[in-house]
2 protein chains.
Amino acid sequence: MKNTLLLLITLLSLSGFGQAKRKQVHIEPINFSKVKITDSFWQPRLKNHAASTLSTCISQIESQTGRITNFENAGKRSGKHSGIFYDDSDVYKALEGIAYTLINNPDPKLEKTADNWIAKIESAQLKDGYINTYYTLTGLDKRWTDMDKHEMYCAGHLIEAGVAYYQATGKTKLLNVSKKMVDHMMSLFGEGKRHWVPGHEEIELALVKLYNVTNNKKYLDFSKWLLEERGHGHGTTGGNGEWDVKYYQDVKPVAELTDISGHAVRCMYLFSGMTDVEKLEEKSRYSNALNSVWDDVVFRNMYITGGIGSSKSNEGFTEDYDLPNLDAYSETCASVGMCYWNSRMNQSSGDAKYMDVLEKSLYNAVLAGVSITGDKFFYVNPLASKGQHHRKAWYGTACCPSQISRFIPSVGNYIYGKSDNSIWINLYIGSSVDITVGKNKVVLQQETNFPWNGDVKLVVKSLSSPLKKEMRLRIPSWCKKYTFSLNGTEIMNPVVENGYAVLKKEWKKGDEIRISMDMPVEVVKADDRVKENLGKRAIQRGPLVYCLEEIDNKTNFGFESVSENTKFETTFNPDLLGGIMEIKTVGDPKNVIKFIPYYSWDNREAGKMKVWIDYKNN
Amino acid sequence: MKNTLLLLITLLSLSGFGQAKRKQVHIEPINFSKVKITDSFWQPRLKNHAASTLSTCISQIESQTGRITNFENAGKRSGKHSGIFYDDSDVYKALEGIAYTLINNPDPKLEKTADNWIAKIESAQLKDGYINTYYTLTGLDKRWTDMDKHEMYCAGHLIEAGVAYYQATGKTKLLNVSKKMVDHMMSLFGEGKRHWVPGHEEIELALVKLYNVTNNKKYLDFSKWLLEERGHGHGTTGGNGEWDVKYYQDVKPVAELTDISGHAVRCMYLFSGMTDVEKLEEKSRYSNALNSVWDDVVFRNMYITGGIGSSKSNEGFTEDYDLPNLDAYSETCASVGMCYWNSRMNQSSGDAKYMDVLEKSLYNAVLAGVSITGDKFFYVNPLASKGQHHRKAWYGTACCPSQISRFIPSVGNYIYGKSDNSIWINLYIGSSVDITVGKNKVVLQQETNFPWNGDVKLVVKSLSSPLKKEMRLRIPSWCKKYTFSLNGTEIMNPVVENGYAVLKKEWKKGDEIRISMDMPVEVVKADDRVKENLGKRAIQRGPLVYCLEEIDNKTNFGFESVSENTKFETTFNPDLLGGIMEIKTVGDPKNVIKFIPYYSWDNREAGKMKVWIDYKNN
């Protein structure tokens, strides 16, 4: 039987895929609207998001801050602007989050809130298409004079919200506002017109979204033009000479980038935009640069949590391997940005390494950004704390709460993909998915207790007709040992390409793939060049980085250590922190240390925390 | 004037000293009875010793344990033995401490206590000279059957007490008891008689003391015979086969030793005895072995505090560089043993490196063994604590309190020495000393605030006639920068030999040497092979190792770190811990760490403590 099965699984020759050029793979992500998440890890998070995160954001935006009032005032062309010049973007990001929530959870009341906001936004748009409450209320004579005042950044989020709300409701009002704003911008900037280097990228990837939904190539071209504007000395903050080309990713033309520098979130958005544009180009333009900066981020400038941007002073990158723990910045928005960028890199390469990084950022740095109840947020995500860090309901600069509000409901985007030859299973999250392959309507169902264990069942629930496609199932880089079985029979030595097990047959209803991934506790060493982690180790299990909190380790805190002989015990505790797999060291009861997943820290009393702990060589 | 002075200071040619063989130097230590300590660091400790330490020991020995009752019962040859088989030694060590105290502080009441004890001890001696309350009360048929039952160890302490009490009071009763016991032993053991390998060394160095006070060479010969008994397979615990040759320093003949192993205190006493015997021999017998094991202890098996014997299981040595902090054993008695042995090595070599180690052990590992008030003791001296360590008034095995009780009052022994050509100033402790050089009675006076700063004034207060001797003043190894002046004029480039500045002139009354030793805060790195201290540093200033206690560093404890840029601030706080120089880091007030001298830890509430802290490379 085993032999028969081996024959079923076609051994793909390397000529077909191993030498595939990046251009040859185009994975289309399956939109989260087609994905119903059913597991016990993410489903409660999505519920809390709808119940807590969104309502927290809405309450802050509507009542506790002046963000909506700014739009009302701008609509009246009178009154004061409150807050900071980029506060409009929080409203747009929350609207995007509302849109995503409405797709899976229709809610007339929530939709009415959104429609109300959108009406006020529309009223704030000037006749010439310009929309930005800050300049409208503080002096339109100053608009488009300072490239770091986030006018295009806000416009980008307006586009993303407009596209999302259109996809969620079919309503075009917000999309049209965004189009008018783009037309306004294109009337001023572009070939033969004024130069413009957006100080905070975002518009570039948004324009590609607008292109994808409208099919109007002018948006794609404008995005390309904006990307190409960088690195030619056009950047300026209005003549005061403080334009830091590193901070603004304006050192050189983006196609020539090799190293990452400057503001972390801006980098992620730039690279996402570049990857988007690159994907739609005939000739490779940015792939060398993207591969090079990806290596630079991942191998030299990323925390074990997948967080990036270690420095507070520039919210970004400093020297390679400068990754302090206590003072880590590791902004939540930047980690979300890592997910955005890495999913795009994966889609245009078919390489699982990008999903490995996405998974790392998602389960650690991103999830730590929001409390388990969904109503409190971290802006920075240190890997150690003296107890001075505590999530807050809101921040003056509220990018992170609003970023979480739009990202969490769309997490379904990252699970599945399809391409000409394959269906891609990227993340292991219990869910069912509708995938349309030509006229074939395929329903897959994934069952798993991930991330608590590595057993996954993937069933072909239904299809219109037998399906001749490879199933490509990601083998996470943390997984050293795994088995695959098909309809109850183990698949010996499945073909693995670019980190995916490739299973090929004519798929029929009821076909069942089972994956069993070993998920032992791992003791992880940092690169020796990260001076702060010399002589230290972190504890990881599957994709989850663990930490220890003072509340669980009062006696041992400050003296915690592991050695090569340390034994660990894992116990699922359904009553702690929303249900977590605890890790404890086994041995001398006086020296037992208890670890919890890093994402779950600071959900009890504020206290000391650390990820990297002493390693003793005995 | 400076030039003139340079001429006064004879430039010694290297042929005279640099090539000196060990045998050519015989430094005679100036006994503490000739030294009056007057400073503000040691004087209060000596007072506390007399007021607290001794009375604590006496109370424990007389009333709270059965140690004196054992002697009474042994005198009656009836009754039970209480405690452990080596408890007699605590009485002898306390008597030695009393004797030393009486020398500088005559006290009829204290002397009466001692006389009372001595009478009871005498009554416990059998007709054949044997004295040991354990065997007398539990069965004399078993005596001299188990070499690990400390019969000779107790006899050694009896000798030391007898010698000390004789020197202090002129009374010979206890000395005679000890002589009788030696005669008894010599009747059984020796050339052509029974073999005997004392499981716990001590008798060897004691016999040399007895030889020194009696001039009877048989004691020296018996000591040599006992040293030479080792390493020939004679050791036995009475036939049960559990004689661990490493634990008992019985691996090989002592002259062939290269590495240190086994029980730390036993090693120190053995090496002290070997150094004593070596010093009195015509031909060098043990110097290679002693130099080799000294290197092995100091460079591979010693804590930064000067503590030794890292392991609890054998109270001794394990692998090279195995120096755990939290589980450090570092027994107080072993650190006192380091002082005993290193002072002897110094006396027969004239090399300051031995005093460097002595100073290190004395000011850190030894002093930490006793509370500032003098009434509580540490048996083990860890370099880190979770708060589980707290000094006690007494221990079941009470070697450490009684060791402290005899060591502290004799600390004056280690300050001065004399040899044919020189007067040696080894430690900087404010004091005056009477030194007899032939018929010349010399009084030197030392003034200093050591260890709080490195300024020392040494004045020739009086002498019978001008003195033609070199003054050899130790330049501590921690001191990188120093100046010497003579009668107000700086000595440019003083000759330095074996770690001593050599000042030669005809000394006259009123001559004044001033030494100014820089004492900055030093950030010290451990050998990389000490795995537990990788990526860590310790803070040291002068001879003092510093530590941080939780009580002073509640917020930062567990996150304390220094870097190459850390600045330190030193402040003398007369009200804290008996008066200490505090060290604080300077900079971000949230990250200030406060250090106190290691010896002063655990004198407030029990809490966490550590010496080695994280080093950040930024």
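For B:N556, indicate whether it is away from chain A (no Cβ under 13 Å), more than 28 Å from the chain's Cα centre (by Cα) and part of a loop (DSSP other than H, G, I, E, B). So B:N556 does not fit the description; no. Within the stretch A:336-390, track down each residue that is closer than 25 Å to A:P476 by Cα and polar (S, T, N, Q). Once the filter is applied, which keeps residues that are closer than 25 Å to A:P476 by Cα and polar (S, T, N, Q), the stretch A:336-390 yields A:N342, A:S343, A:N346, A:Q347, A:S348, A:S349, A:S361, A:N364, A:N381.
Against the list (1) part of a helix (DSSP H, G or I); (2) in contact (Cβ under 8 Å) with a residue 40 or more places away in the chain; (3) within 20 Å of A:C400 (Cβ to Cβ), the condition A:E122 fails is (3).
Hey, among A:G430, A:G438, which residue is farther than 27 Å from A:G156 by Cβ and without any contact (Cβ under 8 Å) to a residue 12 or more places away in the chain?
Among A:G430, A:G438, only A:G438 is farther than 27 Å from A:G156 by Cβ and without any contact (Cβ under 8 Å) to a residue 12 or more places away in the chain.
Pairs are defined by a Cβ separation below 6 Å, a sequence spacing of at least 6 or placement on different chains, a first member in the stretch A:582-608 that is open to solvent by less than 10 Å² (accessible area, probe 1.4 Å) and in a strand (DSSP E or B), and a second member that is modelled with pLDDT of 95 or more and among the basic types (K, R); no pair meets this definition.
For the stretch A:565-573, the condition holds for no residue, the condition being that it is at the interface with chain B (Cβ under 10 Å from one of its Cβ atoms) and either buried (at least 19 other Cβ atoms within 10 Å of the Cβ) or farther than 29 Å from A:T373 by Cβ (or both). Quick one: would you say B:V163 is under 21 Å from B:I98 (Cβ atoms) and either open to solvent by 60 Å² or more (accessible area, probe 1.4 Å) or in the same structural domain as B:A114 (by TED's automatic domain parsing) (or both)? In short, yes. Of the residues making up the stretch A:182-196, those that are open to solvent by less than 70 Å² (accessible area, probe 1.4 Å) and touching a Phe, Trp or Tyr at 6+ places or on another chain (Cβ under 7 Å) number 7. Based on what the data block shows, is B:T236 more than 14 Å from chain A (Cβ to nearest Cβ) and part of a loop (DSSP other than H, G, I, E, B)? When the stated conditions are applied, B:T236 passes them.
In summary, A:L102 fulfils each of the numbered conditions (1) over 30 Å from A:N449 (Cα atoms); (2) open to solvent by less than 30 Å² (accessible area, probe 1.4 Å); (3) among the aliphatic types (A, V, I, L, M); (4) in a helix (DSSP H, G or I) with the single exception of condition (1).
Among the residues making up the stretch B:499-535, a single one is within 14 Å of chain A (Cβ to nearest Cβ), open to solvent by 30 Å² or more (accessible area, probe 1.4 Å) and within 20 Å of B:E359 (Cα to Cα): B:K525.
Do the conditions hold for B:T113, that is, is it touching a Lys or Arg at 6+ places or on another chain (Cβ under 9 Å), open to solvent by 10 Å² or more (accessible area, probe 1.4 Å) and among the polar types (S, T, N, Q)?
No.
State whether one or more residues within the stretch B:536-552 are touching a Gly at 6+ places or on another chain (Cβ under 9 Å), small (G, A, S) and within 14 Å of chain A (Cβ to nearest Cβ). No, that holds for no residue. When the stretch A:285-334 is filtered for residues that are small (G, A, S) and either open to solvent by less than 20 Å² (accessible area, probe 1.4 Å) or in contact (Cβ under 8 Å) with a residue 12 or more places away in the chain (or both), the ones remaining, listed by number, are A:S287, A:A289, A:S292, A:G306, A:G307, A:G309, A:S310, A:S311, A:G316, A:A328, A:S330, A:A334. The numbered conditions (1) without any contact (Cβ under 8 Å) to a residue 24 or more places away in the chain; (2) touching a Phe, Trp or Tyr at 6+ places or on another chain (Cβ under 7 Å); (3) over 22 Å from B:I304 (Cβ atoms) are all true for B:S516 except (1).
Within the stretch A:340-353, residues that are aromatic (F, W, Y) have Cβ atoms under 6 Å from residues that are in a helix (DSSP H, G or I) in these pairs: A:Y340/A:S272; A:W341/A:M268; A:W341/A:F271; A:W341/A:S272, counting only partners at least 6 apart in sequence or on another chain. Open to solvent by 20 Å² or more (accessible area, probe 1.4 Å) and at pLDDT 90 or above: does that describe A:T4? When the stated conditions are applied, A:T4 does not pass them.
Looking at B:D588, B:D552, just one residue is more than 25 Å from B:P476 (Cβ to Cβ) and modelled with pLDDT of 95 or more, and that residue is B:D552. The stretch B:415-480 holds strands (runs of 3 or more DSSP E) entirely within its bounds, and those carrying 3 or more residues that are open to solvent by 20 Å² or more (accessible area, probe 1.4 Å) map to B:431-437, B:440-448, B:454-462. Evaluate the following for A:I539: is it under 25 Å from A:N48 (Cα atoms) and either out of contact with any Pro (no Cβ under 8 Å at 6 or more places or on another chain) or in contact (Cβ under 8 Å) with a residue 24 or more places away in the chain (or both)? Answer is no for this residue.
The values are calculated or read from the model by the stated rules, or taken from the named source; none is laboratory data. None of the values given here were measured: they were computed from a predicted structure. In this analysis, Cβ positions are derived from the backbone assuming ideal geometry, glycine residues included, and neighbour counts consider all displayed protein chains. Ligands, DNA and RNA are excluded from the accessible area calculation, which covers all protein heavy atoms including side chains. Shrake-Rupley method; radii C 1.70, N 1.55, O 1.52, S 1.80 Å.
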